[in-house]
1. For region 57-77, name all the residues that are assigned to a loop (DSSP other than H, G, I, E, B) and either under 22 Å from Thr89 (Cα atoms) or in contact (Cβ under 8 Å) with a residue 40 or more places away in the chain (or both).
2. For residues that are at pLDDT 90 or above and more than 12 Å from Tyr258 (Cα to Cα), tally how many sit in region 151-162.
3. Which residues, taken from region 161-172, are over 18 Å from the mean Cα position of the chain (by Cα) and of a type outside the set (Val, Ile, Thr)?
4. Here are some conditions: (1) free of Cβ contacts under 8 Å to residues at least 12 places away in the same chain; (2) within 28 Å of Glu145 (Cβ to Cβ); (3) of a type outside the set (Asp, Glu). Ser201 meets all but one. Which one does it not meet?
5. Are there any strands (runs of 3 or more DSSP E) wholly within region 87-167 with 2 or more residues that are hydrophobic (A, V, I, L, M, F, W, C) and at negative phi, and if so which?
6. Of all residues in region 280-289, which are part of a loop (DSSP other than H, G, I, E, B), crowded, with 20+ Cβ neighbours inside 10 Å and in contact with a helix residue (DSSP H, G or I) (Cβ under 6 Å, 6 or more places away or on another chain)?
7. Pick out the one residue from Ile105, Ile113, Ile76 that is in contact with a helix residue (DSSP H, G or I) (Cβ under 9 Å, 6 or more places away or on another chain) and modelled with pLDDT of 95 or more.
8. Here's a check for you: in region 233-269, which residue that is part of a loop (DSSP other than H, G, I, E, B) and touching a residue at least 24 places away in the same chain (Cβ under 8 Å) is surrounded by the fewest Cβ atoms within 10 Å (Cβ to Cβ)?
Amino acid sequence: MMFEFKLETDTPKQPSQPLGGSYDVIVVGAGPAGLTAAIYTARDAIKTVVLDKATAGGLGALTDLVENYPGFPEGISGPKLMHRFRLQTERFGATVAEFQEVTRIESVARGLIKVHTADGNLYEGKVVIIATGSKPKKLGVPGEEEFYGRGLSYCATCDGPLFKGKDVVIVGCGNSGLQEGLNVLSYANSVKFLMSHASSSAEKTLQQRVLGSEKSMCYFNHRAVGFKGDARGVNAVVMENVETGEVSTLPADGVFVYAGYIPDTAFAKGLLEMDDAGHIKTDEKMRTNVEGILAIGDVRADTLAQYTVAVGDGTKSAFTAREYLAELKEA
């Protein structure tokens, strides 16, 4: 069997940017899960639109290097991988509408769900697939809001190059923190990590590659309790030893926070059943407690935040959507 590969420069036919309208399937979120769902539904000639409050790709597009996605033994950059997802989605005729922030979903009747956006657009669909993923968790400590964008960031892939030759602190020593730290190490003078636990839960390979570098150091059993700076921006992290309570400061030219993620589901609260953390509860077919609304990827309860899991969820949701649309047609 022969497979045809297109270069990243190849551009599919771009539909005009929609400002509302009626669709068979509305996918909310253009990350790995949402784009996979759209690939399947559009390929099945189901009229599909994908809405995203920012640009397509989700957190995947903000990851420097993806090493555990099958088919790429040398790894692939997050932006390049997600660009391929989008090309494939649009190749089959799905519309990807960026900067369409969904603020409310309304189940009107069987086969009619209304999706409202922040700029007043209204989308009507028979099926809605929620794939909004997660967003960085904030620490809620003094100085965090003050210095955000002024040396403090939640995305090293986006802002890391600004600190070439500088001393950087990364709050968080899990997979996300170390993965981004690996990239930062290639150009920063030094990278210091803070971890509130006695050890890192990250993959052993990452720990060996990052924490084994002569330019890195991890302060275990320490948590960030504040940030200091001046008119030029952040210049220090205030940290506390969780065992002794001792508070000290760690100089920093730049700070990146990786304290975990929370599901981006606020717009669906009160409509869909969720767990205490805000993850949407689904059955094995990705169905929520509201008929016609599915949830996939990181927003789903009891799931793993992995590309391959998100892709699997997207595939399942497309088949569920197809079955449901067939039921509506027969009714």
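1. Gly57, Thr63, Asp64, Leu65, Asn68, Tyr69, Pro70, Gly71, Phe72, Gly75, Ser77
2. Final tally of qualifying residues: 1.
3. Pro161, Leu162, Phe163, Lys164, Gly165, Lys166, Asp167
4. Checking Ser201 against (1) free of Cβ contacts under 8 Å to residues at least 12 places away in the same chain; (2) within 28 Å of Glu145 (Cβ to Cβ); (3) of a type outside the set (Asp, Glu), the one that fails is (1).
5. 95-97, 102-109, 112-117, 122-130
6. Passing the criteria: only Met286.
7. Of the residues listed, the single one that is in contact with a helix residue (DSSP H, G or I) (Cβ under 9 Å, 6 or more places away or on another chain) and modelled with pLDDT of 95 or more is Ile105.
8. Going through the qualifying residues, I end up with Gly260.
The values are calculated or read from the model by the stated rules, or taken from the named source; none is laboratory data. All values derive from a computational prediction rather than experimental measurement. With ideal geometry, Cβ positions are generated from the backbone for all residues, glycine too; neighbour counts draw on all protein chains shown.
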